[in-house]
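Before any comments, here is the structure.
The values are calculated or read from the model by the stated rules, or taken from the named source; none is laboratory data. Predicted model, so just to flag it, every value in this text is computed and none were measured. Neighbour counts are summed over all protein chains in view; Cβ atoms, including those assigned to glycine, are modelled from backbone coordinates with ideal geometry.
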Amino acid sequence: MDQQLQISILKELLRQIDSGANADAGVQYRVPTSIYADPDLAAQEWDQFYQNHPQMIGLSGDLPEPNSFLTLNDFGVPIIATRDSSGKFRAFLNICRHRATRVETEPRGKRKLFVCPFHAWSYSTSGDLVAIADQDDFGEVDKSCRGLIELPAVEAAGLLFVHPKPDGSLDAEALLSKPLLDEMTSIGFDQFVFGADKTIDMKLNWKLANDTFGETYHFQKLHKNTLGQLFIGNNTHMEEFGRHHRFTTANRSLLQMRQLPEEEWQIQRATFVAYHLFPNIQMFWTGDTISLVRIYPDPDNPGRSISQVSIYFTPEAYESATSLDEAAREQAVKDTYKFEEGAVRSPSIEGALEVFTSTIEHEDYVMGEYQQQAAESNLAGEALFGRNEPVLHHFHRSYREALGLPHFETV
Ligand SMILES: [Fe+2]
């Protein structure tokens with residue numbers, strides 16, 4: 001990431017901290033709470049944003065070597081993603097061409113052949129139908145026409161994208177814009193190694209889950225004993241890239257970093273750098289780690305969403321995280337929110353996941369469940385997005401625009 005850009009973002013955050021004022025969008029919005037409970041809106045979102053929109057499914061590190069695979073079933077289509085024997089990222093429907101069951105049931109791993117558990121038809125990581133069990137009995141099959149059904153798949157800037165429709169169009173630059181792709185490429189997301197994952201399945205609309213990642217106004221209130229120990233709160237820098245954005249907020253290290261010459265400032269040490277990729281991705285880069293959150297609606301229930309959290313590490317941090325003994329891992333969880341001036345702690349897998357338990361699941365998403373209940377009661381009328389919540393303005397403006405809906409009314 002360009003050093004001048006880092007300096008300008010950090011200076012803006014310092015300006016806000018010094019002046020005691022958060023970012024100011026200059027306008028408040030009136031938000032009908034029905035947007036979180038309306039089944040017709042939910043059906044449009046599912047159709048346009050999940051069934052017919054490219055999906056980011058992970059990072060390059062999820063498929064670390066030739067013949068690695070990953071399966072998922074988050075957006076109504078069973079997917080098997082592979083790095084084929086030549087190293088190319090590919091994606092297929094995880095559907096056997098014999099009787100349409102799932103070919104692979106493990107979440108991730110490495111195999112040269114996928115053998116369907118039902119009748120043992122086998123496929124290569126390039127999707128070719130390689131062998132049919134007892135073919136003499138089964139009868140003639142043209143194997144060349146019965147490979148796994150391939151989906152458009154693109155690997156760019158260390159991110160893996162799939163289109164859920166075999167004839168869907170997928171172009172990373174058209175999807176993300178060149179400046180955003182270049183910036184993410186410069187960070188080197190492709191170097192990160194998968195460490196651990198976690199699923200949070202709770203009773204809140206997928207947009208409420210997205211909203212919890214869209215403002216820092218609450219850090220010193222809701223998170224005063226958790227994330228608020230590490231982050232200052234009430235400071236926000238956002239840059240829009242079409243429907244996507246980058247959102248940064250300062251942690252306490254920024255107050256020491258400001259003493260250093262500007263050319264030594266490192267944004268990933270003094271903030272989290274969050275990338276929201278429309279519609280459902282929240283990705284946090286904090287130097288040694290990336291936390292990726294993929295948020296999915298339940299197509300049958302607007303009041304439920306599933307957040308798939310994956311944690312990635314730099315190779316060095318992964319090495320050190322996986323060499324910790326049990327006592328050190330327990331200590332790391334206890335120290336999750338302990339701020340030590342000037343200390344750069346190497347991250348642990350358990351500590352990284354702990355943030356998603358104690359801050360996100362037990363605090364943010366609990367608020368989301370309360371908001372959901374209010375929305376479903378039909379009595380709450382409207383909520384407000386403040387002048388200090390510009391990231392929420394952008395997310396809601398973006399999906400409404402995509403659906404052809406007008407933006408909310410201002411106050
Ligand atoms: Fe929060």
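Figure legend. Inter-residue proximity from region 349-360: first residues under 18 Å from residue 287 (Cα atoms) and assigned by TED's automatic domain parsing to the domain that holds residue 229, second residues assigned to a helix (DSSP H, G or I) and within 11 Å of the ligand (Cβ to nearest atom), beta-carbon distance below 8 Å, spacing 6+ or different chains. Indicated pairs: 355/227. Does at least one position in region 66-82 carry a residue that is among the polar types (S, T, N, Q), in a helix (DSSP H, G or I) and exposed (fewer than 15 other Cβ atoms within 10 Å of the Cβ)? No, region 66-82 has no match at all.
Take the conditions (1) in a loop (DSSP other than H, G, I, E, B); (2) of a type in the set (Lys, Arg); (3) over 20 Å from residue 270 (Cα atoms); residue 329 misses just one of them, which is (1).
None of 30, 15 is assigned by TED's automatic domain parsing to the domain that holds residue 301 and over 30 Å from residue 299 (Cα atoms) except 15.
Residue 139 - would you say it is crowded, with 16+ Cβ neighbours inside 10 Å, out of contact with any Ser or Thr (no Cβ under 7 Å at 6 or more places or on another chain), farther than 25 Å from residue 291 by Cβ and not β-branched (Val, Ile, Thr)? For residue 139, the condition - crowded, with 16+ Cβ neighbours inside 10 Å, out of contact with any Ser or Thr (no Cβ under 7 Å at 6 or more places or on another chain), farther than 25 Å from residue 291 by Cβ and not β-branched (Val, Ile, Thr) - is not met. The criterion of being within 16 Å of the ligand (Cβ to nearest atom), in a strand (DSSP E or B), aromatic (Phe, Trp, Tyr) and over 13 Å from the mean Cα position of the chain (by Cα) holds for residue 272.
Scanning region 363-372 for residues that are within 11 Å of the ligand (Cβ to nearest atom) and touching a Ser or Thr at 6+ places or on another chain (Cβ under 9 Å) yields 363, 364, 365, 367, 368. On the stretch given as region 230-255, residues that are among the aliphatic types (A, V, I, L, M), touching a helix residue (DSSP H, G or I) at 6+ places or on another chain (Cβ under 8 Å), within 16 Å of the ligand (Cβ to nearest atom) and outside any strand (DSSP E or B) total 1.
When residues in region 16-33 are screened for being over 25 Å from the mean Cα position of the chain (by Cα), within 28 Å of residue 379 (Cβ to Cβ) and outside any loop (DSSP other than H, G, I, E, B), 3 of them pass. If only residues of region 178-229 that are polar (S, T, N, Q) and over 21 Å from residue 251 (Cβ atoms) are counted, the one that is nearest to the ligand (Cβ to nearest atom) is 210.
Has region 311-332 got any residue that is within 16 Å of the ligand (Cβ to nearest atom) and either touching a residue at least 12 places away in the same chain (Cβ under 8 Å) or at negative phi (or both)?
Within region 311-332, not a single residue is within 16 Å of the ligand (Cβ to nearest atom) and either touching a residue at least 12 places away in the same chain (Cβ under 8 Å) or at negative phi (or both).
Within region 303-331, the set of residues being under 22 Å from residue 57 (Cα atoms) and not polar (S, T, N, Q) comprises 304, 306, 309, 311, 312, 313, 315, 318. Within region 145-157, the residues that satisfy the criterion of being assigned to a loop (DSSP other than H, G, I, E, B) and either in contact with a Gly (Cβ under 7 Å, 6 or more places away or on another chain) or among the acidic types (Asp, Glu) (or both) are 147, 148, 152. The condition of being of a type in the set (D, E, K, R), at pLDDT 95 or above and not in a helix (DSSP H, G or I) does not hold for residue 397. For region 158-208, filtered to residues that are under 27 Å from residue 303 (Cα atoms) and touching a Gly at 6+ places or on another chain (Cβ under 8 Å), the residue that is surrounded by the fewest Cβ atoms within 10 Å (Cβ to Cβ) is 203.
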